[in-house]
1. Can you tell me which residue in the stretch 285-328 is nearest to Arg368 (Cα to Cα), limited to those that are part of a loop (DSSP other than H, G, I, E, B) and charged (D, E, K, R)?
2. Pairs only if they're at least six apart or on different chains, beta carbon under 7 angstrom, first in the stretch 230-249 and under 19 Å from Glu5 (Cβ atoms), second part of a helix (DSSP H, G or I); list them, first residue then second.
3. In the list Asp298, Asp336, which residue meets the criterion of being acidic (Asp, Glu), without any contact (Cβ under 8 Å) to a residue 60 or more places away in the chain and surrounded by 21 or more Cβ atoms within 10 Å (Cβ to Cβ)?
4. In the stretch 277-289, how many are at pLDDT 90 or above and either surrounded by fewer than 16 Cβ atoms within 10 Å (Cβ to Cβ) or among the small types (Gly, Ala, Ser) (or both)?
5. Please determine whether any residue of the stretch 86-96 is in a loop (DSSP other than H, G, I, E, B), over 19 Å from the mean Cα position of the chain (by Cα) and charged (D, E, K, R).
6. For the stretch 43-88, name all the residues that are out of contact with any strand residue (DSSP E or B) (no Cβ under 8 Å at 6 or more places or on another chain), exposed (fewer than 15 other Cβ atoms within 10 Å of the Cβ) and under 21 Å from Lys225 (Cβ atoms).
7. Mind telling me which of the residues Gly341, Gly367 ends up being touching a Ser or Thr at 6+ places or on another chain (Cβ under 8 Å), within 15 Å of Asn274 (Cα to Cα) and part of a helix (DSSP H, G or I)?
8. Kindly indicate whether any position in the stretch 254-264 is within 20 Å of Phe380 (Cα to Cα) and either in contact with a strand residue (DSSP E or B) (Cβ under 9 Å, 6 or more places away or on another chain) or at pLDDT below 95 (or both).
Amino acid sequence: MKIHEFQAKKLLAAFSVPVERGETIGNLEEIDLAIGRLGPMERYAVKAQVHAGGRGLGHFANDLDGGGVRIVQSKEEAAYLARRMLGNRLITKQTGPDGAPVSAVYIAEVVEPLRQFYLSILIDRGAQRPVILASADGGGNIEDLAENNPKKILREYIVPTFGLEDFQIRKLAFELNLGEESLLESFSLALRGMWRLFWEKDASLVEINPLALTADGRLCAIDGKINFEDNGLFRHADVRELRDVAQEDPKEVRASQFGLNYVALDGTVACLTNGAGLAMATMDMLNALKIKPANFLDLGDNSPQSAIAEAVRILLDDSQVQCILVNIFGGAMRGDIVAGGILDALGGKKMPLPLVVRIEGANAEEGREILRGAIPEAVFADGMAALGDKIRRAMDR
């Protein structure tokens, strides 16, 4: 689960990570009050809040020049921009052509960095432990830096049994040239706060880019990004309340309400599968055949028939889908239940798209027979190897 920058800043501050002064605006009536609480400043940073990177280089859908992060000289300009941003849609390289709705604007003091650092904590799934990533070249695209100059990315792995240790903080501080006494204390406070936030709130990413060193020797998180592990949200009611479903794909929101693991993609063949391994193998097979999958969808092992029906409705409601591929290996998930869910989704109507089916395992034959009787035009495949040819033939009909 992702959250907005202003929400990340509040969490960071609660864990003793220094952030700049800022106010969040959620509707037009709050603008003047929020700017008034900030008080007079030489410059104001006005930031559109969306779940996407590259906001400063983005553009708005409706009649507003410039990107989603702007620096202005007066409170009047800040108020004007906030009014124009709210309710608009910001388009960046990460949002797609439709952009994302701006339902909040963050206005903050402008911090002048003497130096900029990158600092994050995330899970290294290969090493199966948290890792700190740090760089003295912060403020830019960390992916580009990692690709073009990987030696500038520092890595420090954390053993969860021991947590973040003093020697690791000192090591990173000296490598970042933050080792003098006054800076070391500030850096230690910030990094310890990030680690406690990461660990206590079941985060999958806590990122500050940039962490600024100001001319008067202060450290300040100018931007913050936090993602949370969905499987840990049941422990954190306060974190669940931060979810902004308006920023998410409506299909993914619908799927989450039924406990389905669904991610929308940009292909034409929709996949209905069970088990993350089989779902990934199905997508790999399609990509190897130069066929783009329209989604990742893992029904899991215990999805009821009602959830399977909703999954099929989601696939059918996707206008870019040209074919539906059912690839099920039944264990706890029975073939007849899958077939029943597909028919429930159709509600007695004809299947509007080509349907390719591979069902193996528990009650597989029963499932195939149900679908053969109700959807005579469905194409059935035995084994993964036959699926590619069956999909092409079904789509060519």
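The values are calculated or read from the model by the stated rules, or taken from the named source; none is laboratory data. As the structure is a computational prediction, the values presented were derived from the model and not from experiment. Note: ideal-geometry Cβ built from the backbone for every residue, glycine included; neighbour counts use all protein chains shown.
1. The selected residue is Asp301.
2. Cβ pairs passing all conditions: Val239/Leu233; Arg240/Leu233; Leu242/Gln7; Val245/Val253.
3. Exactly one residue qualifies, and that residue is Asp298.
4. The total comes to 7.
5. No, the stretch 86-96 has no match at all.
6. Within the stretch 43-88, just Leu57 meets the criteria.
7. Gly341
8. No: zero hits.
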